[in-house]
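Contents: one structure, followed by commentary.
The values are calculated or read from the model by the stated rules, or taken from the named source; none is laboratory data. These figures come from a predicted structure and were not determined experimentally. Cβ coordinates were reconstructed from backbone atoms using ideal geometry, including for glycine residues, and neighbour counts include every protein chain displayed.
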Amino acid sequence: MELVCPAGNYPSLVKAVDQGANAVYIGFKNETNARHFSGLNFSEKHLLKGIDYAHRNNCKIYCAINTYPRQDGWKTWASSVDMAMGIGIDSLIVADTGVMDYIRSRSDDFPIHLSVQASATNLEALNFYHQNFAIRRAVLPRVLSLKQVTQLAQKSPVEIEVFGFGSLCIMAEGRCYLSSYLTGESPNTQGVCSPSSHVRWEENDGVLKSRLNNLLIDQFEEGENAGYPTLCKGRFEVQGNIEYALEEPTSLNTMDILPELHQAGVVAIKIEGRQRSPAYIETVANVWRKAIDSVISNSAKPNEQDKQKLTALSEGRQTTIGAYERSWQ
Amino acid sequence: MKTSLAAVPYFWTQQAYQDFYHQVAETDIDTVYLGETVCSKRRSMTLQDWIDAGIFLQGKGKQVVLSTMTLLEAESELSYLKKVVQQKEFLVEANDMSAIQVANQAGKHFVSGNAINIYNNQSLSLFHKLGMTRWNIPVELGQQDLKPVIPKAQELGVELEYQVYGRMPLAYSARCFTARHHDLPKDRCQFKCKDDVEGIPVKTREGDSFAQINGIQTQSGKVSNLLNHWQKLYAAGIDYARIVPVAPDTTLQVIKSLTQATANNQPLVDFTDDSREYCNGYWFQMAGLEMIA
């Protein structure tokens, strides 16, 4: 079972490699990937250095080109693919069928991993990508129960990778347009959700309000933990009640079901968070390396101290195994 | 310009669907999409009921298309999907890649639903090769995005459809938000979504509209409305103006006023309803909730 870690810059990449990641995934400094945040991601020069460092340490580099190019921007995606294929990347993580078609027009066997943004949640969808683009692996959306993941992994024509830890998307990825509905910018097109350029904080009489494009996402009384206004994790009014209508601020943590995921034949665990700091990557990679190693060697459950380290790094200091557990749904 | 009526996104009783489609049959709408697209637990209509409704509407001169589910997880959902796609009577609207795979394997043509991500000429051409005859355009694409794609669609003979009325489908989740609101687990949801004819509004704490929850689907809080812009869409190359149902009476009024405007080539559609909020920003390359009069 592989540990796949995120890196938004060279220092994070080094930390992930040093902590024993089997692969590190990265993106370019443009809208071709789903973490198109300012100050983040790799120029060609830094990537060359990163690939060299990873490969010398027996670690792979995956490159996410996993947004959906609109026709006017097609050349940016095509040239990003060209660069990735020529620079020593081990696999491309892709969502758009047009981009996959383009990769296959250049090479019959360059490894393609189906991005979570492609939202393949069932066997026939996996068959579709396998037959049309010979994908090697698929990353499953965070909408399936453990039983569904297990059944899918047994029959899948391709390797299965799942998310282990980090931000929790509660919608089927790649099919959520809530961000562009509110702000004009979406994960699919610009690689952003609830973009910081549209966030505004206001403080009045001890009440802190967070807004996205002027709409009130949440408000916090004194002493309450104020979180980033991700639009699906705010408090709203529904039929007279104020509630987290969609989801609470919480992170995904599947460490408790790691033995079951391993048993099911899942080949890789992905850590979310290219936007996180090198120190965060170091801690999370360290804890997950140990957890995976212990599961592979004796199926032992991970220790409590390590789990607490992860909880401390989580949104709202809460974690969930999310949709893997039927009752969450 | 032709007009189409999307599948009802909400959960109604069998009687309510049947009454609605009997009235739709008497309008001038060109195409009617039928079926359950949101939740496989909603079974007030069996597949045979949908086929019977389709045969009835076809008899009234409508083109009928069967729509498939959008988020498929369970194996039972895939087997139902195969029955929908493999039936012989009607064209299908594929709302998930699995439906495209099954249609392609069966050698059937399909309409690509708006939850299928086609954003550029390369993917458009690919799906055309796999059997797509009509492209129901993703909701977040606007007129500038489409300018370089429409000529390719026309060259390939792919028809274009764009939503002009109704709440937009914006997200799908494993979680049922209606059950969550009623503090019920999804597996014992008591079919609470049948109590709300067009979903439940979610507002900010300042009273602004945000979203509409409809089972596992999240819709736009505002109703999309490009009715008075239909001629611009037609001039841009859109073949079908798509109406997504809200409550039956309003939907029928929208159908009647839009088909009257298109038949008589009137730029403005004779329809007013102050009980809902409207938006159309996506077409104008803005945030989806914006409204251009």
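Name the residue that is surrounded by the fewest Cβ atoms within 10 Å (Cβ to Cβ), counting only residues in region A:79-104 that are in a helix (DSSP H, G or I) and at the interface with chain B (Cβ under 9 Å from one of its Cβ atoms). The selected residue is A:Asp101.
Would you check which residues across region B:205-251 are in a strand (DSSP E or B) and under 18 Å from B:Asp30 (Cα atoms) and list them?
Start the filter on region B:205-251 by keeping residues that are in a strand (DSSP E or B), which leaves B:209-214, B:217-225, B:240-243.
The answer is B:Tyr240, B:Ala241, B:Arg242, B:Ile243.
Within region B:186-198, being within 11 Å of chain A (Cβ to nearest Cβ) and surrounded by 14 or more Cβ atoms within 10 Å (Cβ to Cβ) holds for B:Lys186, B:Cys189, B:Asp196. Going by the structure shown, is A:Leu261 more than 14 Å from every other protein chain (Cβ to nearest Cβ), of a type in the set (A, V, I, L, M, F, W, C) and in contact (Cβ under 8 Å) with a residue 24 or more places away in the chain? The answer is yes for A:Leu261. Given the condition part of a strand (DSSP E or B) and of a type in the set (A, V, I, L, M), answer yes or no: does some residue in region B:109-119 qualify? Within region B:109-119, one or more residues are part of a strand (DSSP E or B) and of a type in the set (A, V, I, L, M).
Under the condition of being surrounded by 21 or more Cβ atoms within 10 Å (Cβ to Cβ) and touching a Phe, Trp or Tyr at 6+ places or on another chain (Cβ under 8 Å), the residues counted in region A:274-309 number 3.
Remark: A:Pro278 matches the filter, which requires a residue to be in the same structural domain as A:Gly164 (by TED's automatic domain parsing), touching a residue at least 40 places away in the same chain (Cβ under 8 Å), out of contact with any Asp or Glu (no Cβ under 8 Å at 6 or more places or on another chain) and farther than 27 Å from A:Val149 by Cα.
To keep it simple, each residue is scored yes or no on (1) at pLDDT 95 or above; (2) assigned to a strand (DSSP E or B); (3) more than 21 Å from the chain's Cα centre (by Cα); (4) at the interface with chain B (Cβ under 9 Å from one of its Cβ atoms).
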| site | (1), (2), (3), (4) |
| --- | --- |
| A:Val149 | no, no, no, no |
| A:Glu161 | yes, yes, no, no |
| A:Arg200 | yes, yes, yes, no |
| A:Leu216 | yes, yes, yes, yes |
| A:Glu222 | no, no, yes, no |
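Can you name the residue in region A:105-158 that is among the small types (Gly, Ala, Ser) and surrounded by fewer than 18 Cβ atoms within 10 Å (Cβ to Cβ) and is also farthest from B:Ala171 (Cα to Cα) among such residues? Walk me through how you get there before you give the answer.
Here is the first cut: in region A:105-158, the residues among the small types (Gly, Ala, Ser) are A:105, A:107, A:115, A:118-120, A:125, A:134, A:138, A:145, A:153, A:156.
With surrounded by fewer than 18 Cβ atoms within 10 Å (Cβ to Cβ) added as a condition, the list becomes A:105, A:107, A:134.
On the way: A:Ser105: 32, A:Ser107: 34, A:Ala134: 28 Å.
Checking each candidate, the answer is A:Ser107.
Candidates in region B:163-185 are the residues that are touching a strand residue (DSSP E or B) at 6+ places or on another chain (Cβ under 8 Å) and within 9 Å of another protein chain (Cβ to nearest Cβ); of these, the one that is farthest from A:Gln329 (Cα to Cα) is B:Met168.
Scan region B:133-162 for residues that are within 12 Å of chain A (Cβ to nearest Cβ) and either in a strand (DSSP E or B) or of a type in the set (A, V, I, L, M, F, W, C) (or both) and the total you get is 7. Restricting region A:236-257 to residues that are more than 7 Å from chain B (Cβ to nearest Cβ) and part of a loop (DSSP other than H, G, I, E, B) leaves a set whose member that is surrounded by the fewest Cβ atoms within 10 Å (Cβ to Cβ) is A:Gly240.
Scanning region A:217-241 for residues that are under 21 Å from B:Tyr282 (Cα atoms) and touching an Asp or Glu at 6+ places or on another chain (Cβ under 7 Å) returns a single hit, A:Cys232.
Of the residues making up region A:230-248, not a single one is closer than 22 Å to A:Val24 by Cα and of a type in the set (S, T, N, Q).
Among the conditions (1) farther than 16 Å from B:Ser40 by Cβ; (2) buried (at least 22 other Cβ atoms within 10 Å of the Cβ); (3) more than 10 Å from every other protein chain (Cβ to nearest Cβ), the only one that B:Asn214 does not satisfy is (1).
Given the criteria outside any strand (DSSP E or B), of a type in the set (A, V, I, L, M, F, W, C) and within 21 Å of A:Leu212 (Cα to Cα), does B:Ala263 qualify? It is false that B:Ala263 is outside any strand (DSSP E or B), of a type in the set (A, V, I, L, M, F, W, C) and within 21 Å of A:Leu212 (Cα to Cα).
Listed here are the residues, each with its yes/no results for (1) at the interface with another protein chain (Cβ under 9 Å from one of its Cβ atoms); (2) surrounded by 24 or more Cβ atoms within 10 Å (Cβ to Cβ).
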{"site": "B:Lys62", "(1), (2)": "no, no"}
{"site": "B:Leu78", "(1), (2)": "yes, no"}
{"site": "B:Leu81", "(1), (2)": "yes, yes"}
{"site": "B:Asp96", "(1), (2)": "yes, yes"}
{"site": "B:Phe127", "(1), (2)": "yes, no"}
{"site": "B:Gly131", "(1), (2)": "no, no"}
